[in-house]
Structure formats: C-alpha cells, structure tokens
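The structure appears below as structure tokens.
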Amino acid sequence: MSIDLSLDRLERLLPHLPYTRPTVHIAGTNGKGSVSALLTSILMASNPPLRVGRFNSPHLVSVLDSITIDDVNISEGIYYQVRKNVEDVDLKQGTKLTGFEILTMAALRIFETENVDIVVLEVGMGGRLDATNIVPSSCILVSALTAVDLDHQAFLGDNVALIAREKASIARQNKPFILGRQLHHEVEEVVSEVVAKSSGTLIRALEISVSERTLPKYSILHNTSAAEPPTQIIDFRLQAFDTSAQAHFPLQGAHQLDNLGTALGVIESLLMFKYSDPDVYALHLRERITKETVSNGIADVKWRGRLSFHTISVPTPPSSTNLVVLVDGAHNPASAKTLGDYITSLLERSSSQDDADVVIPITYILSLSHSPPKTPLQTLSPVLPPSIGKSTLLLRPSIALLPFSPPEGMPWVKPVALESMRDTVRTLLPNLSDDDLWVAPNGSIEGKGNDPLRQALKWAADRHRKSRGLVVLAGSLYLVADFYRLLESGFEKH
C-alpha cells in the first residue's frame, strides 16, 4: 500500500463534518510528540483546568492512545462510533478517504463532539499535505516546528531544506509560528521564507537553562530502588510573567530542553499574541495560566517510550533477574544520535575512579522499520559501538535483533530483514563474539505477538545476572509498543 499525500478528499468532506475547536498544530521530524505531551500537561494544569484534546501519530500500543482527552485514551466505544460516522459520510460523499485520513477526521470529530477547550494536534508526516493540515485557519491558534532532519525522504524531499519547506507549510496567516532549535542552519532560512509568504509571525523558541547543582546523579552500576534518574530543575521566564520561575523536569536528555523551549514558546504566544478572533479571549488564558500552573504542568508531564526507564523482573530459573531497560523510539539517524549522546552522558555520570576496572554489560535490543533510502547503517551507527566519553568504565556490549509486531492499521510498515541488521551490526562491531549476538529465530517475523521480544529479554537477563548494567531497547516505536504490551501482559502469563 502506498501513502497518498493530498488534501483534496478532505477538502470535499470537511463541510459535512465541520471542525471548530481552537487548535495548536505541531510539525517536525523529531520532538513533536514530546512537545505535544508538554503542552497537554501545561494546559491541563491551568486553573481552572482546560479540557485538552490531543492527537498523535503513529499510535503506540493501540490506535486508541493516538486520541486522548485530558491525557486519557479515548474509549473504544466512542472511537468506533465516531469512526463509523466518518466512514458513512465518506461513503455517501464518495470521497474515498485513506486510512490515516479517516483516523484524523475521527479524532477531529471526537474533539468537536466532546467540546474540548483546546486541541494539540501532531502532524502525521510532513505538513503541507498532511491530513491534519485540513484544520481551518480560523481554528489554528499557534503552529510550531520542532527539529527537522532527514526522514521519509521518498515523500518529503531528499534534503533537509526541502523537508523543512514541507513541514513549515502548516504556517497560517496572521498567526504565530514557533520555530524550535534546529541542528541544520538551512532550516531557519527556509522556514523564515515560508512563514513570511504565509503572512504568519515567526517566533523563536525559548531558551531553557538547567540549574547545574541539580543535574541528576545516577549509576547503572549498583542496584537501587528506582530505575529512573532524578528529575532536573530548570529555569524559565515568559514575558507574560514578571519574574522567572523554576520547575522539576522529568523528561530525560538534553534535546528535551529544546522541546520544552518550543512548548513554552507556544504558551508564550497563547498569552501574548494579539489575536483578532474574540473566541480566543473567551478561553481566559491569561487568567488561567500562571507561573505556578506552568511549573506544575512541566513537572507532571509523561511521555512513554522516549528515554523512559523501566525495571522489569525476567524469569531466569531458578529465580528471576531485574533488568533496567532504557526504552527509546529512536528510528532515524538524528534521534539515534540523541540516544547515543544520552547513553554516553549516563555512563559518564555513572562512573568513578573506583569503577575503572569494572566490566559493565550493556545490551541493545533492536528492531528497525524498512524505510528507504534510510539504511540500517545510518540509523545504528550513532549508537553502536557505545561511546563511553570521559567515563572510566569497561563495557561488554551484546546485541539482540528481532522483528516488531505488525502495527494496527498500517500494513505497509515492515521490519528490516534480520539478515540485513545482523550484517550491519557485524560491520559496526567487528569484534563482537557470536555469544554476544542473538538473532530471533526464523518464523518469528510476523503475527507472533511478543514472543521474539520475550525471548530477547530472557537472553538479556542471562547476561545481566551478575551485574546490573543497562538494557537499551530502541530502533522503532513499533518495538517500543511491543515492550509496553509485554509489560501489560506480564511474563508470568506465558
């Protein structure tokens, strides 16, 4: 199945399924999901609370988690009732929507019928022709662009400038457009041009600073009661408030500071931009959003599968082994570099002179999506071999390769062949012994649920019996989804 990027069908259907909710629209290659989670948490923390709808794609565990109201997944009953209504109208009008267009329209209809106060809407792919860009300009309060990098080149263009142009084209006339921190200088030039052409207002994301004295101190060497490092304390200041403020920030990784800066840029615009639509002021955002509510919202944010730590107990007869698993959906070279940099920083913070001769096991459980022209080598080279940076640790890496379960409603998504991944690992780690490489057996490719992942975790647990170390599960959000489904089902049930 091919992906058909067009707004023609939705433009014909929207008059029959109108949408009027105030909306924040977010595009980007990496970070847009984190920004959407931050905005949801901050807006929900307002006083009195705003009722916040959010649409993310792809879904994680179930299609129901792609549509939330106040950070709670929509119920199965509501989803399928509204989806059927969209499908019936689609059939009557003969518009022949794609699967993603039906999902997007179902989300918009749910937010409309549930009368949410504000919607946080994440672009699916690109921006200009993405189904979410059907939302009328009258509804858009702010558009935002997170970090742009190479991904989906077959659909968006073969260089960063072309991709940035597609993504920045969600900009709307006379509305603010928040530009997050970029790694590629050409992005800013392209975005400035696109936003100016749309008669929007370009605003840079806020700078966020960390209180150095509170940087997390965490060791993967020694057993502790909690798997996740302590939160950082960050300093921020919005023009709407007369003084700066602090907040505990639970999301891990330096890149999340950039995502927070983008989210706070959106909040700043909601409070300060001079909107012409009186309906915006009916939300009373200046009264409901304060320094305290923003701080509380930042502290309460949750976003699974992005540098998320979990401790799981894996049966290793005659007992069991507790594994510390760092779960991250890194699936392209840029996000893989972010993951690799974070692991290096974690190793540096974990080591001391006393640990100079300690050999630490680090196991990578990996699966990749087949998405040319992106190659396994491009995605895996930023994380393999692991870099210890300034750490004095000695690492023993091991690698487990497996397929992910077919994602619901996306039959075109396929895992990279295990043979191709194995060859890539051998290229990156030529000295890796056969004992330190596990490849899922033939026949476990599709339709086998979590069995390959269960086997991989048991293999990893055998390697971590004597030393805590770290297990890193990454390469695909679909593998991350398998991990969370496994957590929900539990090892003991199989």
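The values are calculated or read from the model by the stated rules, or taken from the named source; none is laboratory data. Computed from a prediction, not measured in an experiment: that's the story for all the values here. Glycine also receives a Cβ, built like all others from the backbone with ideal geometry; neighbour counts cover every protein chain displayed. Only protein heavy atoms, including side chains, enter the accessible area calculation; ligands, DNA and RNA are left aside. Shrake-Rupley method; radii C 1.70, N 1.55, O 1.52, S 1.80 Å.
Summary of values
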read-out: Under 5 Å, built H, 5+ apart or other chain: amide partners of ALA400; value: TYR364, ILE365, LEU366, TRP438
read-out: Projected label distance in nm at GLN173 and ASP462, using a 7 Å step from Cα toward the beta-carbon; value: 6.6 nm
read-out: Evaluated over segment 7-300, the Cα radius of gyration and Dmax, each in Å; value: 19.2, 63
read-out: Distance (nanometres) between label positions extended 7 Å along Cα→Cβ at GLN455 and SER489; value: 1.4 nm
read-out: Helix 477-489 axis, angle to the chain major axis (alpha carbon atoms, nearest 10°); value: 70 degrees
read-out: Sites ARG204 and VAL358, calculated FRET efficiency, Cβ-Cβ separation with R0 45 Å, nearest 0.05; value: 0.55
read-out: Distance in nm between pseudo-label sites at LEU7 and THR392 (7 Å out along the Cβ direction from Cα); value: 5.9 nm
read-out: Which of VAL61, VAL480 is most accessible, then next, and so on - probe 1.4 Å; value: VAL61, VAL480
read-out: Neighbourhood charge, 12 Å Cβ-Cβ cut-off, centred on ARG12 and excluding it, Lys, Arg +1 and Asp, Glu -1; value: -1
read-out: Principal-axis tilt of helix 291-300 within the chain, Cα atoms, nearest 10 degrees; value: 40 degrees
read-out: Rounded tilt (10° steps) of 99-113 against the dominant C-alpha axis of the chain; value: 60 degrees
read-out: Estimated FRET transfer efficiency (ASP435, LYS414; beta-carbon r; R0 30 Å; 0.05); value: 0.55
read-out: The chain - mean residue ellipticity at 222 nm from DSSP helices (-39,500 (n - 2.57) per run, n ≥ 4, rounded to 500); value: -10500 deg cm²/dmol
read-out: 30 Å Cα-Cα threshold exceeded, pairs from LYS302/LYS414; LYS32/LYS374; LYS197/LYS337; value: LYS197/LYS337
read-out: Net charge contributed by nearby residues that have their C-beta within less than 12 Å of SER62 (K/R +1, D/E -1); value: -3
read-out: Cα pair count fraction exceeding 21 Å, expressed as % - segment 288-437; value: 56 percent
read-out: Partner lysines for LYS84 [C-alpha distance under 18 Å; skip if fewer than 8 residues away on the same chain]; value: LYS92, LYS96
read-out: Counted charge near ASP436, where neighbours are those whose Cβ lies closer than 14 Å (Asp, Glu -1; Lys, Arg +1); value: +1
read-out: Global geometry of the chain, whether rounded, prolate or oblate, following the gyration tensor of its Cα atoms and the 1.5 cut on a/c; value: prolate
read-out: R0 of 30 Å, Cβ-Cβ distance SER244-HIS284: FRET efficiency to nearest 0.05; value: 0.80
read-out: Accessible heavy-atom area order of SER335, SER313, highest first, probe of 1.4 Å; value: SER313, SER335
read-out: Chain lengthening between ASN442 and LYS197 when straightened (0.36 nm per residue, less Cα-Cα); value: 82.9 nm
read-out: Sorted peptide list for 302-312, 362-372, criterion being average Cβ within 10 angstrom, highest first; value: 362-372, 302-312
read-out: Label point 7 Å beyond Cα of THR20 along Cβ direction - residues of segment 113-140 with amide nitrogen under 16 Å; value: 113-119, 136-140
